[in-house]
Ligand code: SF4
């Protein structure tokens, strides 16, 4: 229920976890804590950190925000100079403490821990096969599958990992740590970002490069699709678990999820959004007095719209950053109040103005409708909504909670009908070509096009889960 409330309040797509790892740096768990803190926007349901002193692996985890789960005493229980951490938003498997990561695997060949960002699309078949062979699952998360697959292989630990990975389909960035090494893994389609940085004599790894700034690390590079790094005291070895790769970074990472100070595949997220806003202004101009963005993820695209159109950029909406996550109850009246609590329209800015309102996406349309009402109640003369991405017409199977096909309002309404439904004086979306122009060719656009970059068989199986 909490998720539904938050979903309504955000009216948005939900993030899909974040991972952070440290190798060969003193107080690794403390650094991981800071890293996870900067990835908090990617998942608020649970957080966990595991560390190793070379002899044993200790893990601490809990439900809630990083600051709710960890305090000084709890971090002090995590010694060693190797650590991995995870912030969770549950996509597959649901919530509950058992699904909070890192997952700890106790094995007679040596313990290891796993942190996973993404979604395994052939999880159902793999789980059935593994259970038929005697594997016992302790969580309902798809992330546990890789642990069982690794245990069933033979060879050195890194050989086992390399043999297990080709069995997985879908989106994954993994950090896997035993008492000797850290393994850093990105899926063959490159759906989720994963970056490497240098800190003192060691290394850090993160779902988003912005976390490096927080811990004082220097960005080195992003991992390639299908790449496996084996990080040891003496060296970093790079392997490919398959040569059959493609570069299909999730476009939503640029549009909505990632922090503006992160860079993905060499493109800064703020810059990418600003590019898309400018292209949107070129494609869908309108006569207006001011351009405003919906905080926070749409501010950069609103700036881009203003850059190209010459219409002044203004701050017309203010976000209240201290709304509790669980405070609002989900009846209609309280939902409306919830949106008001989260956002305020600035009457001094919007009154008697023709406003261009830029947002990053529309999922169900409910939030857009409320924001337009807020602006009109504050005296805006006209509100022209411009969306810095295309209509979302298909669900995501790669770890992003875009909701079901029926909930996606653009599957039912044309932009004109949707504009009328949300009370806008006009509504226009960025075209698919505009997204490619702004974000580059190497992106997944499946939720905007319905053309998925992986096999349909696994996706249909996934639907039955
Ligand atoms: S389907 Fe959409 S949300 Fe999912 S990975 Fe592709 S672009 Fe991202």
Spot the failing condition for residue 135; the list is (1) under 30 Å from residue 26 (Cβ atoms); (2) modelled with pLDDT under 95; (3) more than 25 Å from the chain's Cα centre (by Cα), and only one is missed.
(1)
One residue is enough: does the stretch 137-150 have a residue meeting the conditions away from the ligand (no atom under 16 Å from the Cβ) and without any contact (Cβ under 8 Å) to a residue 12 or more places away in the chain?
yes
Please work out which residue is farthest from the chain's Cα centre (by Cα), limiting yourself to the stretch 368-409 and to residues that are in a helix (DSSP H, G or I) and at pLDDT below 90.
406
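Per-residue answers, yes or no, for (1) over 21 Å from residue 410 (Cβ atoms); (2) away from the ligand (no atom under 16 Å from the Cβ); (3) in contact with a strand residue (DSSP E or B) (Cβ under 8 Å, 6 or more places away or on another chain):
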position	(1), (2), (3)
359	no, yes, yes
368	no, yes, yes
382	yes, yes, yes
389	no, no, yes
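To keep it simple, each residue is scored yes or no on (1) closer than 19 Å to residue 31 by Cβ; (2) not in a strand (DSSP E or B).
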{"site": "191", "(1), (2)": "no, yes"}
{"site": "196", "(1), (2)": "yes, no"}
{"site": "203", "(1), (2)": "yes, no"}
{"site": "208", "(1), (2)": "yes, yes"}
{"site": "234", "(1), (2)": "no, yes"}
Scan of the stretch 34-44 for residues that are more than 14 Å from residue 262 (Cα to Cα) and surrounded by fewer than 22 Cβ atoms within 10 Å (Cβ to Cβ), ordered by number
34, 37, 44
Selection status of residue 297, in the same structural domain as residue 370 (by TED's automatic domain parsing) and modelled with pLDDT under 95
yes
For the stretch 243-263, check the following and say yes or no: at least one residue is more than 24 Å from the chain's Cα centre (by Cα) and in contact (Cβ under 8 Å) with a residue 12 or more places away in the chain.
yes
Scan the stretch 391-406 for residues that are touching a helix residue (DSSP H, G or I) at 6+ places or on another chain (Cβ under 9 Å) and either closer than 25 Å to residue 275 by Cβ or more than 16 Å from the ligand (Cβ to nearest atom) (or both) and report the count.
8
Subset tally (residues that are over 20 Å from residue 111 (Cα atoms) and surrounded by 24 or more Cβ atoms within 10 Å (Cβ to Cβ)) for the stretch 13-31:
5
More than 28 Å from residue 151 (Cβ to Cβ) and either away from the ligand (no atom under 15 Å from the Cβ) or outside the structural domain of residue 112 (by TED's automatic domain parsing) (or both): does that describe residue 230?
no
Could you tell me which of the residues 258, 272 is buried (at least 24 other Cβ atoms within 10 Å of the Cβ) and more than 24 Å from residue 31 (Cα to Cα)?
272
Of the residues 226, 266, 304, which is on the phi > 0 side of the Ramachandran plot and crowded, with 16+ Cβ neighbours inside 10 Å?
226
Check residue 214 against each of (1) within 16 Å of the ligand (Cβ to nearest atom); (2) at pLDDT below 95; (3) surrounded by fewer than 22 Cβ atoms within 10 Å (Cβ to Cβ); (4) farther than 19 Å from residue 434 by Cβ and name the one condition it does not meet.
(1)
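The values are calculated or read from the model by the stated rules, or taken from the named source; none is laboratory data. The structure presented is a predicted model; accordingly, all values stated were derived computationally and were not measured. So basically every Cβ, Gly included, is an ideal-geometry build from the backbone, and we count neighbours across all protein chains shown.
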